[in-house]
1. Name every residue in region 1-43 that is out of contact with any helix residue (DSSP H, G or I) (no Cβ under 7 Å at 6 or more places or on another chain), within 26 Å of residue 286 (Cβ to Cβ) and aliphatic (A, V, I, L, M), in order of residue number.
2. Just the residues that are within 11 Å of the ligand (Cβ to nearest atom) and either over 14 Å from the mean Cα position of the chain (by Cα) or open to solvent by 10 Å² or more (accessible area, probe 1.4 Å) (or both), please, taken from region 138-154.
3. Filter region 125-137 down to the residues that are away from the ligand (no atom under 11 Å from the Cβ) and either among the hydroxyl-bearing types (Ser, Thr, Tyr) or assigned to a helix (DSSP H, G or I) (or both) and list them by number.
4. Do any residues in region 90-112 that are farther than 12 Å from residue 136 by Cα have Cβ atoms under 6 Å from those of residues that are at pLDDT below 95 and open to solvent by less than 70 Å² (accessible area, probe 1.4 Å), where the two are at least six apart or on different chains, and which pairs are they?
5. Can you find a residue in region 220-227 that is closer than 26 Å to residue 292 by Cα and part of a loop (DSSP other than H, G, I, E, B)?
6. Looking only at region 155-176, which residues are touching a residue at least 40 places away in the same chain (Cβ under 8 Å) and touching a helix residue (DSSP H, G or I) at 6+ places or on another chain (Cβ under 8 Å)?
7. State all residues of region 31-54 that are within 14 Å of the ligand (Cβ to nearest atom), closer than 24 Å to residue 120 by Cα and outside any helix (DSSP H, G or I); if no residue qualifies, say none.
8. Tell me whether region 17-26 contains one or more residues that are over 22 Å from residue 219 (Cβ atoms) and within 15 Å of the ligand (Cβ to nearest atom).
Amino acid sequence: MENQTRKKRVFSGIQPSGDLTLGSYMGAIKNWVTMQDEYDCVYCIVDMHAITVRQNPADLRRRCLEQLAQYLACGLDPAKSILFVQSHVPQHAELSWILGCYTQFGELSRMTQFKQKSQQHADNITAGLFTYPVLMAADILLYQADYVPVGEDQRQHVELCRDIAQRFNGVYSETFVLPEALIQRVDQGARIMSLGNPLSKMSKSDPDGCVYLMDPPEVIQRKFKRAVTDSETSVRYDKENKPGVSNLLTIYCAAAGKSLEEAEAEFAGQGYGVFKPAVGEAVAELLRPMREEAARMMKDKAYLEGVYREGAQRAGRLAQRTLDKVHRKVGFVAR
Ligand code: TRP
């Protein structure tokens, strides 16, 4: 009976390598919030992944806390889900070492993200950048996660995680649940593109093309007024020929809770001079309560500390169960 009612487990994380954006909210966190009711969710701030490229320590610390405040302000609820910081749960690093011994050099060499990032950071291609997917596999497998909601760019890493788990299970008998990637649906606003270059994904490292969750309304308005569109005047969805306008429509629909047809009808016969500020307004209104709430929590460090400490304790207990099992299977002497 108990087994039948056990909820499936979800694990996901975002790196505090930059401030969270509208893309992070619409593409990930909003969906995480919904999943809290149906699943047993574990959401992480993956600071150990963030240091695979060089970070400024003060910025990293601020962004980590701010990311927790934003998770909470967006509706992630510590009474429903486990919210924690990766470096607070040492089992991640421990399992990562072990899994690294069951991962082939060739597999890691084939990772698209490694190839991209090692080009971007050609002067600092560390072992950490190379073994990043192994740490991600440890994140997922420690919690025996059934589902891993991620963007398309992380599909390959989740596939590798499955391969590692399957290999380990094959050698030592059933140990890990094989996780499944849940790639967020594009038509639900999952893929928000840059306002400056609608052909590339909205990225936290592109301040003009992205809207940060903490941007005040006037900054949001300015960014939308400058958004790249096209030389026509009609507001309609056409991803091929009108990527900029289509992206703005996607954002508008997600922010205002309208369908594409409704939005197209609303702006029929109106130019971009009306459309762009309306999108800015809808986004500013959507983000306002979250920004205010996150700012309030940033002033209450004791509250945030309470949340992440409790999260680390709960996560640590689950993680240790898996790690104990792994130690036994590989033949480590019991402590
Ligand atoms: N690599 C992911 C990203 O950059 C972040 C991440 C780390 C993650 N560990 C994870 C996502 C585990 C899902 C599950 O987006």
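The values are calculated or read from the model by the stated rules, or taken from the named source; none is laboratory data. Predicted model, so just to flag it, every value in this text is computed and none were measured. FYI the Cβ positions are ideal-geometry reconstructions off the backbone, even for glycines, and counts take in every protein chain you see. What goes into the accessible areas is simple: the full protein's heavy atoms, side chains included, and nothing from ligands, DNA or RNA. Shrake-Rupley method; radii C 1.70, N 1.55, O 1.52, S 1.80 Å.
1. Passing the criteria: 28, 35.
2. 138, 141, 142, 143, 145, 147, 150, 151, 152, 153, 154
3. Residues satisfying the conditions are 126, 127, 128, 129, 130, 131.
4. none
5. Yes - at least one qualifying residue is present in region 220-227.
6. Step one: of region 155-176, the residues touching a residue at least 40 places away in the same chain (Cβ under 8 Å) are 156-157, 160, 163-164, 167-168, 171-173, 175-176.
Passing the criteria: 156, 157, 160, 163, 164, 168, 172, 173, 175, 176.
7. 45, 46, 51, 52, 53
8. There is no residue in region 17-26 that is over 22 Å from residue 219 (Cβ atoms) and within 15 Å of the ligand (Cβ to nearest atom).
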